[in-house]
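Report on the structure given below.
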Ligand code: R7I
Ligand code: MG
Ligand code: MG
């Protein structure tokens, strides 16, 4: 039996690994990645890759996905889930352009220091209806962990955290779906009944519909996922329908499909996500968080952890946060 702490650790470190492994090929096409690499280990064998505009990316480094996930975890543990301004301050403080942030998110985080009073308005700085990018879904792992038994608290925390940078309903819905997909794995056992799991996500969409606009796009995506699994279609084939782009409505369902298709193997989940091309770091990070939540930390390959190159965020530091979140979640369960 996988313990709760093992699942929390699997989720946070699995997300970190997916981000690091997808980062060297982010925005590349599936055709290029397949032509150039045979396995994920081939990518990790490189020291660095050339980026657009001639810069270099050091293989083994994490990106914005992990940095923002860390901020969310610390916000939950130290500030509580109600004050969006405190979360935005954490994002802004940690912002380093070299971690390859989305353009609207980068603009918001740079503007925050000068415009702290009007922080709520910053979310529409670049896009008048708010961003529908995947940037608020890619960072909700800690929310899915901490509130795994408390859907109202999970919904609220997803909303508050998303509104800081992504106020479009599609982004809030995507973040809530990803966190709920993690939470359902924390509640479940070592065997996953896919039909029941998808039904539980359908209930999440029903709840979202009661609280805001109808999540049509995600309803369609869940149907595509169910159909694809029933027909045993490879993720690359389902990607033709779901998409692999920067939008939450593409990346969230695509990550879910990679996880469900290869649910017994973390390595296979990451392989599928990375070889799809497109937003590889983010899809692999979200799929890795799901896979790690289901299989627990033992599924995480030591050779992949050993390739990480950053000293400030490591598998060990993420595991420490996971333990704190697990302690907090168990306390609130005892209290309820
Ligand atoms: O969502 P976001 O933080 O980006 C996250 C992505 C991940 O892949 C990370 O790994 C990192 O590389 O970036 O950043 P945003 O700028 O909010 O959204 C991402 C992109 O989605 C934007 O640059 C746009 O291309 C698109 N997008 C929109 N386009 C038109 N109109 C998001 N919202 C809109 C919109 O309202
Ligand atoms: Mg990234
Ligand atoms: Mg990305």
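Side notes on the structure shown:
- Every residue from region 89-101 that is surrounded by 14 or more Cβ atoms within 10 Å (Cβ to Cβ) and either within 13 Å of ligand 1 (Cβ to nearest atom) or at pLDDT below 95 (or both): 91, 95, 99, 100, 101
- Check on residue 34, more than 22 Å from residue 240 (Cβ to Cβ) and either in a helix (DSSP H, G or I) or within 16 Å of ligand 1 (Cβ to nearest atom) (or both): no
- For residue 66: the one exception among (1) crowded, with 24+ Cβ neighbours inside 10 Å; (2) in a loop (DSSP other than H, G, I, E, B): (2)
- Just one of the numbered conditions (1) farther than 24 Å from residue 315 by Cα; (2) without any contact (Cβ under 8 Å) to a residue 60 or more places away in the chain; (3) surrounded by fewer than 24 Cβ atoms within 10 Å (Cβ to Cβ) is not true of residue 104: (2).
- Residue match in region 266-286 (condition: surrounded by fewer than 20 Cβ atoms within 10 Å (Cβ to Cβ) and out of contact with any helix residue (DSSP H, G or I) (no Cβ under 7 Å at 6 or more places or on another chain)): yes
- Residue in region 107-123 that is assigned to a helix (DSSP H, G or I), under 18 Å from residue 288 (Cα atoms), over 21 Å from the mean Cα position of the chain (by Cα) and modelled with pLDDT of 95 or more present: no
Matching residues to (1) more than 16 Å from ligand 3 (Cβ to nearest atom); (2) touching a residue at least 60 places away in the same chain (Cβ under 8 Å); (3) surrounded by 23 or more Cβ atoms within 10 Å (Cβ to Cβ); (4) under 27 Å from residue 184 (Cα atoms):
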residue	(1), (2), (3), (4)
9	yes, yes, yes, yes
22	no, yes, yes, yes
47	yes, no, no, no
50	yes, no, no, no
76	yes, yes, no, yes
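- Selection count where residues are within 16 Å of ligand 3 (Cβ to nearest atom) and more than 16 Å from residue 243 (Cα to Cα), scope region 262-284: 1
- Within region 303-317, residues that are modelled with pLDDT of 95 or more reach partners that are surrounded by 15 or more Cβ atoms within 10 Å (Cβ to Cβ) and in a loop (DSSP other than H, G, I, E, B) with beta carbons closer than 6 Å, at six or more positions or on different chains, in the pairs 307/60; 308/60; 309/60; 309/61; 310/61; 310/62; 313/62.
- In summary, residue 128 fulfils each of the numbered conditions (1) within 16 Å of ligand 3 (Cβ to nearest atom); (2) without any contact (Cβ under 8 Å) to a residue 12 or more places away in the chain with the single exception of condition (1).
- Filtered residues of region 270-281 (kept if under 26 Å from residue 196 (Cα atoms) and in contact (Cβ under 8 Å) with a residue 60 or more places away in the chain): 270, 271, 273
The values are calculated or read from the model by the stated rules, or taken from the named source; none is laboratory data. Computed from a predicted model, the values in this text were never measured in an experiment. Backbone-built Cβ (ideal geometry, glycine too); neighbour counts: all protein chains shown.
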